[in-house]
1. Which number in (1) more than 16 Å from the ligand (Cβ to nearest atom); (2) assigned to a loop (DSSP other than H, G, I, E, B); (3) among the hydroxyl-bearing types (Ser, Thr, Tyr) marks the one condition that Thr102 misses?
2. Quick one: which residue in Arg87, Arg40, Arg32, Arg19 is of a type in the set (Lys, Arg) and surrounded by fewer than 12 Cβ atoms within 10 Å (Cβ to Cβ)?
3. crowded, with 20+ Cβ neighbours inside 10 Å, charged (D, E, K, R) and under 25 Å from Met67 (Cβ atoms): does that describe Asp198?
4. Mind listing just one residue for me: the one in the stretch 109-138 that is small (Gly, Ala, Ser) and over 15 Å from Val184 (Cβ atoms) and, of those, nearest to the ligand (Cβ to nearest atom)?
5. Taking only the stretch 57-68 into account, find how many residues are in contact with a Leu (Cβ under 6 Å, 6 or more places away or on another chain), of a type outside the set (A, V, I, L, M) and either at pLDDT below 90 or within 12 Å of Tyr83 (Cβ to Cβ) (or both).
6. Taking the stretch 173-221 as the region of interest, how many residues are under 11 Å from the mean Cα position of the chain (by Cα) and among the charged types (D, E, K, R)?
7. Going by the conditions given, is Asp173 assigned by TED's automatic domain parsing to the domain that holds Tyr120 and surrounded by 19 or more Cβ atoms within 10 Å (Cβ to Cβ)?
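The values are calculated or read from the model by the stated rules, or taken from the named source; none is laboratory data. No experiment lies behind these values; they were computed from the predicted model shown. Backbone-built Cβ (ideal geometry, glycine too); neighbour counts: all protein chains shown.
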Amino acid sequence: MALERLRDAAEIVSTVWQRALLDAVVSPRRFRQAAPDFWRASAMLFHPEISSLPLSQVPASEDHIQMLSSGWPLGGMPPQDLYALLRVVKWIKPRKIFEIGTFKGITTTHLALNSEAEVYTLDVPREMAANLSGYSPGDLELLQPREAIGETYRPFNKNGQIQQLFGDSRLFDYQPYLGFMDLVLVDGCHIYDGVLSDSQKAFDLLGKRGAVMWHDFANLRAVTRAVRTLGRKWPIYHIEGTFLALHVRGVMPGDEQRRNLHTPSEIPVGMSSGDDR
Ligand SMILES: C[S@@+](CC[C@H](N)C(=O)[O-])C[C@H]1O[C@@H](n2cnc3c(N)ncnc32)[C@H](O)[C@@H]1O
């Protein structure tokens, strides 16, 4: 089965790259435009350190998933990624979520709407940002003034479920939150060292049970490289067809279906309903 998938992937990638090489010879300009997409197609399929996980293997919940956004907003997630993230949320039923990278707060809104969790979300306002070496022009544009950060979730946050935090994720004092989170979403800084640093914080933020998710795996090179580096040490899955990577720690309460999740030993079998943090 794994061999078959590998063969299929190799066939697709070699077809895509044959076409790309032809373009590189006959139309270098077209090649330059298409190259990032070719890279993404390859990165989606080949990531030896990271296991692939079909979304159907994330146990489904009977709870309805609420989605407000339909398109792929600038700086946000495409709908299929948001849906996959929310499926994980419905599965693990987090009580506390930490998001690194709020931007306008579209994903934050969805995390709050689809859980009963306290949602902490961290972003650096443009006027506070320093040490931006390595940031691409696109990433610099994503930096928002303080009042624009999280503007989407505000109308949905009458009950104070979402708490906005400000600061550079690489320097932020996470002390009050360490070990208390059930889900951490890494979706902020897009430079390699920044992703590694945010990821380390994400692992520290998790309690005994929970999940870390990364957005922009197989979409942005630095994020992909960082997650692949982490994949040498931690069991990490790529959720097929998305730009999401997932690491699961410990036993989630109330979910025996997770037996279906294949591979690493870190993914537990069995159930636990107690909170032993
Ligand atoms: C891709 S956007 C986040 C998108 C959001 N999670 C969503 O799905 O709608 C990245 C965000 O990370 C923030 N960011 C970039 N570098 C950061 C840093 N060093 N510390 C904190 N936030 C950072 C940017 O300001 C931007 O708002």
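1. (1)
2. On the way: Arg87 fails: surrounded by fewer than 12 Cβ atoms within 10 Å (Cβ to Cβ); Arg40 fails: surrounded by fewer than 12 Cβ atoms within 10 Å (Cβ to Cβ); Arg19 fails: surrounded by fewer than 12 Cβ atoms within 10 Å (Cβ to Cβ).
Of Arg87, Arg40, Arg32, Arg19, the one residue that is of a type in the set (Lys, Arg) and surrounded by fewer than 12 Cβ atoms within 10 Å (Cβ to Cβ) is Arg32.
3. On the way: crowded, with 20+ Cβ neighbours inside 10 Å: yes; charged (D, E, K, R): yes; under 25 Å from Met67 (Cβ atoms): no.
No, not satisfied.
4. Applying the first criterion (small (Gly, Ala, Ser)) to the stretch 109-138 yields 112, 115, 117, 129-130, 133-134, 136, 138.
When the remaining residues are screened for being over 15 Å from Val184 (Cβ atoms), the result is 112, 129-130, 133-134, 136, 138.
Working: Ala112: 13, Ala129: 7, Ala130: 9, Ser133: 12, Gly134: 10, Ser136: 11, Gly138: 10 Å.
For the stretch 109-138, the residue satisfying everything is Ala129.
5. Qualifying residue count, the stretch 57-68: 1.
6. Of the residues in that region, 2 qualify.
7. Criteria not met by Asp173.
Okay, residues lined up against (1) within 13 Å of the ligand (Cβ to nearest atom); (2) modelled with pLDDT of 95 or more; (3) farther than 21 Å from His190 by Cα; (4) among the aliphatic types (A, V, I, L, M):
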position	(1), (2), (3), (4)
Ser70	no, no, yes, no
Leu74	yes, no, no, yes
Pro79	yes, yes, no, no
Pro94	no, yes, yes, no
Ile106	yes, yes, no, yes
